[in-house]
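Asker: Below is one structure. I have some questions about it.
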């Protein structure tokens, strides 16, 4: 596979990837980890006929890959946990942030979140609610800044005050029933609420809400300063 040695890329089509992966696994050592960066195919679909499929997985990065640290490590049905752990260690060693998915799902995690925002954005444009620039500004100057360092669940935990996510879900959870978006909301069961509360409690750890609020404010200032500096260096106005 001379082309593979030179870093050749393959189209994310099942037939081409399946054929290439079969050839690669036959040529590699039995303990070599084989990874695909596909964003649209499930590992079980194109690794099923490979040699030693237990060492085959997906390592899905984000563009620009030389700057964004996230890489989703996705196992197929036959992928061993040992291979997934080893791949995650390799990614971490080169400065990336491996996110090991517990199961394979179309779109993985990050792209599914992006798809939800993209879909809702298209609905608003189609209905004349907002322009593309207005939607981008809503993200760039609002939630996007907070998302960059705290995600969504910890941010909403702070909105619940000292009682955290439990209070937030009780106060704002019913709003999911309002027809704000084109996306159908899941039923707000006790089980779902418990999962969200338990998950955010683990994220919060021993830190208090006040400590997290101070971190949030400091991070927002740092992000805004970084964006402002980059705009100045590239001749952009602060409001662009």
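The values are calculated or read from the model by the stated rules, or taken from the named source; none is laboratory data. Values in this document were obtained by computation on a predicted structure and should not be read as measured data. Cβ coordinates were reconstructed from backbone atoms using ideal geometry, including for glycine residues, and neighbour counts include every protein chain displayed.
Asker: I'd like the full set of residues that are within 13 Å of the chain's Cα centre (by Cα) and under 19 Å from residue 149 (Cα atoms), limited to region 52-77.
Answerer: Filtering region 52-77 down to residues within 13 Å of the chain's Cα centre (by Cα) leaves 59-63, 68-74.
Correct list: 61, 62, 63, 68, 69, 70, 71, 72.
Asker: Taking the stated definitions as given, is residue 231 assigned to a helix (DSSP H, G or I), surrounded by 14 or more Cβ atoms within 10 Å (Cβ to Cβ) and more than 23 Å from the chain's Cα centre (by Cα)? Don't jump to the end; show me each part of the working.
Answerer: Working: assigned to a helix (DSSP H, G or I): yes; surrounded by 14 or more Cβ atoms within 10 Å (Cβ to Cβ): yes; more than 23 Å from the chain's Cα centre (by Cα): yes.
So residue 231 fits the description; yes.
Asker: Exactly one of (1) at pLDDT 90 or above; (2) exposed (fewer than 14 other Cβ atoms within 10 Å of the Cβ) is unmet by residue 127. Its number?
Answerer: Against the list (1) at pLDDT 90 or above; (2) exposed (fewer than 14 other Cβ atoms within 10 Å of the Cβ), residue 127 comes up short only on (1).
Asker: Residues in region 135-154 that are free of Cβ contacts under 8 Å to residues at least 12 places away in the same chain, part of a helix (DSSP H, G or I) and either under 23 Å from residue 205 (Cβ atoms) or touching a strand residue (DSSP E or B) at 6+ places or on another chain (Cβ under 8 Å) (or both): how many?
Answerer: The number of residues fulfilling the criteria is 1.
Asker: Out of all the residues in region 77-106, which are crowded, with 16+ Cβ neighbours inside 10 Å and over 23 Å from residue 29 (Cβ atoms)?
Answerer: Result: 96, 99, 100, 101, 104.
Asker: Please indicate, with yes or no, whether at least one residue in region 191-207 is touching a residue at least 12 places away in the same chain (Cβ under 8 Å), in contact with a helix residue (DSSP H, G or I) (Cβ under 9 Å, 6 or more places away or on another chain), under 30 Å from residue 129 (Cβ atoms) and assigned by TED's automatic domain parsing to the domain that holds residue 134.
Answerer: Step one: list which residues in region 191-207 are touching a residue at least 12 places away in the same chain (Cβ under 8 Å), which gives 193, 196-197, 199-201, 203-204.
With in contact with a helix residue (DSSP H, G or I) (Cβ under 9 Å, 6 or more places away or on another chain) added as a condition, the list becomes 193, 196-197, 199-201, 203-204.
Next, from what is left, pick out any that are under 30 Å from residue 129 (Cβ atoms): 196.
Filter once more, keeping what is assigned by TED's automatic domain parsing to the domain that holds residue 134: 196.
Yes, there is a match, as at least one residue in region 191-207 is touching a residue at least 12 places away in the same chain (Cβ under 8 Å), in contact with a helix residue (DSSP H, G or I) (Cβ under 9 Å, 6 or more places away or on another chain), under 30 Å from residue 129 (Cβ atoms) and assigned by TED's automatic domain parsing to the domain that holds residue 134.
Asker: Let me ask something additional. Are any residues in region 1-37 at pLDDT 75 or above and exposed (fewer than 13 other Cβ atoms within 10 Å of the Cβ), and if so, which ones?
Answerer: Correct list: 26, 27, 29, 30, 31.
Asker: Can you find a residue in region 155-169 that is in a loop (DSSP other than H, G, I, E, B), surrounded by 13 or more Cβ atoms within 10 Å (Cβ to Cβ) and modelled with pLDDT of 90 or more?
Answerer: To start, the set of residues in region 155-169 that are in a loop (DSSP other than H, G, I, E, B) comprises 160.
Next, from what is left, pick out any that are surrounded by 13 or more Cβ atoms within 10 Å (Cβ to Cβ): 160.
Then drop every residue that is not modelled with pLDDT of 90 or more, which leaves 160.
Yes, region 155-169 has at least one match.
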